Amino acid sequence: MNTKYPDKLQVLYPRQEIEVAVARLAEEITREYQGHNPLLLGVLKGSFVFMSDLVRRLDFPLETGFVQLSSYGRGKESSGKIKISHDLKTPVLGKNVLVVEDIVDTGNSLAFLADYLRQKKPASLQICCLLDKPSRREAPVPVHYRGFTVPDKFLVGYGMDYAEQYRNLPDICILSE
Ligand code: IMP
Ligand code: MG
C-alpha cells in the first residue's frame, strides 16, 4: 500500500528501506547479543514501532522494557530539561542493556538516560538508534548501532511525532511547516 501524504510531508525513507535497515541492525545485534539474554530497553514513545519490528527479528532469548523520558514537550525544540516520566520495572543490575531509540538529536536525552542506567550497574550498556542526527549534537552519545544518519530536518512517522501526530505513518517523512 502506498500512502498519499499531504504536501507538508515528504517521504525520506519509505517503509521498504526501513525494513532493510531494521533487518541489518537485527543481524548486527544478533551477532553480539545472542546467548547473552539482553534487556532491550525502548525509550517511549518514539521507539515503540521500531522496537516492535526489531525484537521480532531477534530469534534468541531476551527481555524487553520501556522507559519514558520527557524533554520535547509538544514542539519541535527540546526544553533541554530531561526527566523520567515512566521508570523501568525490570531490574538492570548485571544485565546486558541495549537502549532502543528512534532518533538521537541533541543527545541530551540519551546522555541523561545512560548516566541514570549506569548507576544501576548493568553488565554492559549500548545504544541502538534507528536515526542519528549528528549535526545537532550537544551531549556526546556513543551510538553502537545506527540505522540511518539523517539531515537536520524534522522527521515524523514510524513512531515519531509532531505534537503527538503522525506516529502511525509507515514511512519516515520530513515535516515542513
Ligand atoms: P535529543 O535531542 O537527542 O534529546 O532527542 C530527544 C527525543 O526527541 C528523541 O528521542 C525523539 O523522540 C525526539 N526527536 C528528536 N528529533 C526529532 C525529530 O526530528 N522528529 C521527531 N522527534 C524527534
Ligand atoms: Mg525518542
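The values are calculated or read from the model by the stated rules, or taken from the named source; none is laboratory data. Not measured: the values here are computed from a predicted model. Cβ: placed from backbone, ideal geometry, glycine included. Neighbour counts: every protein chain shown.
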Filtering the range 113-142 down to residues that are surrounded by 17 or more Cβ atoms within 10 Å (Cβ to Cβ), under 19 Å from T30 (Cα atoms) and of a type in the set (A, V, I, L, M) yields L125, I127, L130
Unique match (being hydrophobic (A, V, I, L, M, F, W, C), under 12 Å from the mean Cα position of the chain (by Cα), more than 16 Å from V143 (Cα to Cα) and more than 12 Å from ligand 1 (Cβ to nearest atom)) among L54, L58: L54
Taking P61 and the conditions (1) modelled with pLDDT of 95 or more; (2) surrounded by 13 or more Cβ atoms within 10 Å (Cβ to Cβ), which numbered condition does it fall short on, given that it satisfies the others? (2)
Restricting to the range 1-56, name every residue that is within 13 Å of L169 (Cα to Cα), away from ligand 2 (no atom under 16 Å from the Cβ) and in a loop (DSSP other than H, G, I, E, B). M1, N2, T3, K4, Y5, P6, P14
Answer yes or no as to whether G46 is on the phi > 0 side of the Ramachandran plot, within 12 Å of ligand 1 (Cβ to nearest atom) and not basic (K, R). no
Restricting the first residue to the range 131-144 and requiring it to be outside any loop (DSSP other than H, G, I, E, B), which pairs with a second residue that is exposed (fewer than 15 other Cβ atoms within 10 Å of the Cβ) meet a Cβ separation below 7 Å and a spacing of at least six or different chains? D132/T149; P134/T149; S135/D152; R136/D152
